[in-house]
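This report concerns only the one structure given below.
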Amino acid sequence: MLLLQVTQAVADSLQVAADNLDQAIANADGLDKLSLITQQLLDAGVHAGASILKAILVFIVGRFLVSMLNKLTARMMDKRHVDISIKTFVKSLVNILLTVLLIISVVGALGVETTSFAGVAIGMALSGNLQNFAGGLVILLFKPYKVGDWIESQSFSGTVREIQIFHTILTTGDNKLVYVPNGSLSSGVVTNYNTQETRRVEWVFGVDYGEDYDKVERVIREVLAADSRVLNTPEPFIALHALDASSVNVIVRVWVKTGDYWGVYFDTNKAIYNTFNEKGINFPFPQLTVHQGN
């Protein structure tokens, strides 16, 4: 729509110029015609060049003002210690509004009528995004997550980097940026891994049939007791989980601080592997017994 309106305005201007030129040429003859055509072309070029130069100047000054106003808005919110989630949302809103105003000003400098263009530009900016804008307000109001939280939603997981007016930006574990629409986040399922102070870690360790279960449990408790990150309340839970096809499975559940989750998970895997080997506790491997008939 924007391109159409600008194109139409330019086409109308060219048409008017062409009509005036045709009329003037029709009333002239000989060298006067050539002189008139040349003069008309020069006038049209000067007029077009002046409009383009004016638009470029408006754009350069406008970009500078937009940058300054964005920085001023950020400083004001920093001084008032505004929550970072609200800060990123407001910065995004201000930047988009100022950019729309800049586009309208540049188009106006080109000679396009901006009275109706302003409504078209705003309509284009909000078209299809009203639900996402409302979703952003819902997120800021009810706070299912905030900047810095690790969340999982819409088949994506990552750390919340920014909450903008239309999208929430996630940084994934492999450092990719994912833009998730606020509308889907506000109305869909969101798993937040940072709201609780503690999390439960769970393992299932398999040992050979014939191993002394009491010995296995005792060794596991010794490994857990050696890690100060494992909380004593609630107490670690160890039980015989299942008698599988080729292994006896032991389930282990402990509670840790949320920030220690992955460290405890991987370190305990390594400690159990090393300790079981030292204590002579065998890990199972798939076995198949074949009986040959006579």
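Under 5 Å from the amide H of residue 168 lie the amide H atoms of 180, 182, each residue being 5 or more positions distant or on a separate chain, with H modelled from the backbone and absent for Pro and chain starts. Check cross-link reach from residue 215 to the lysines: straight Cα distance under 22 Å, and skip same-chain residues fewer than eight apart. Within the straight-line cut-off, residue 215 pairs with 270, 279. Across segment 205-212, rounded Karplus estimates of 3J(HN,Hα) from the backbone phi angles (6.51 cos²θ - 1.76 cosθ + 1.60, θ = phi - 60°) give 9, x, 10, 5, 5, x, 6, 6 Hz, Gly and Pro being marked x. Note that segment 168-294 shows a convex hull volume over its alpha carbon atoms of 198 Å³ per residue. The phi torsions of segment 193-204, fed into the Karplus equation with coefficients 6.51, -1.76 and 1.60 and a -60° offset, translate into couplings of 8, 10, 6, 9, 6, 10, 9, 9, 9, 9, 10, 10 Hz, rounded to whole numbers, with Gly and Pro shown as x. Measuring r between the beta carbons of residue 249 and residue 222 and using R0 = 22 Å, the FRET efficiency lands at 0.65. Taking 0.36 nm per residue of separation and subtracting the current Cα-Cα distance, fully stretching the chain between residue 161 and residue 239 would add 24.1 nm. Of 214, 149, 208, 267, the residue with the largest accessible area leads and the full order is 214, 267, 208, 149 (1.4 Å probe). A Förster radius of 35 Å combined with the Cβ-Cβ distance from residue 137 to residue 265 puts the calculated FRET efficiency at roughly 0.40. Computed from backbone phi, the HN-Hα couplings of segment 250-266 come to 10, 9, 10, 10, 9, 10, 9, 5, 3, x, 9, 3, 6, x, 5, 4, 6 Hz, rounded to whole numbers (Karplus: 6.51 cos²θ - 1.76 cosθ + 1.60, θ = phi - 60°; Gly and Pro given as x). Modelled label positions at residue 80 and residue 229, each set 7 Å beyond Cα in the direction of Cβ, lie 4.0 nm from each other. Sorted largest first by accessible area at a 1.4 angstrom probe radius, with every protein chain in place, the residues 262, 255, 203 fall in the order 262, 255, 203. Within the straight-line cut-off of under 22 Å between alpha carbons, the lysines reachable from residue 79 are 71, 87, 91, 146, sequence neighbours fewer than 8 places apart in one chain being disregarded. Largest accessible area first, the listed residues 72, 53 line up as 53, 72 when surface is computed with a 1.4 Å probe on the assembled protein chains.
Please give the contour-minus-distance gain from residue 202 to residue 177: 0.36 nm per residue of separation, less the Cα-Cα distance, rounded to one decimal in nm.
6.0 nm
The values are calculated or read from the model by the stated rules, or taken from the named source; none is laboratory data. Not measured: the values here are computed from a predicted model. All Cβ positions, even for glycine, are placed from backbone atoms using ideal geometry, and neighbour counts span all protein chains on display. For the accessible areas, the whole protein counts, side chains as well, though only heavy atoms, and no ligand, DNA or RNA atoms are used. Shrake-Rupley method; radii C 1.70, N 1.55, O 1.52, S 1.80 Å.
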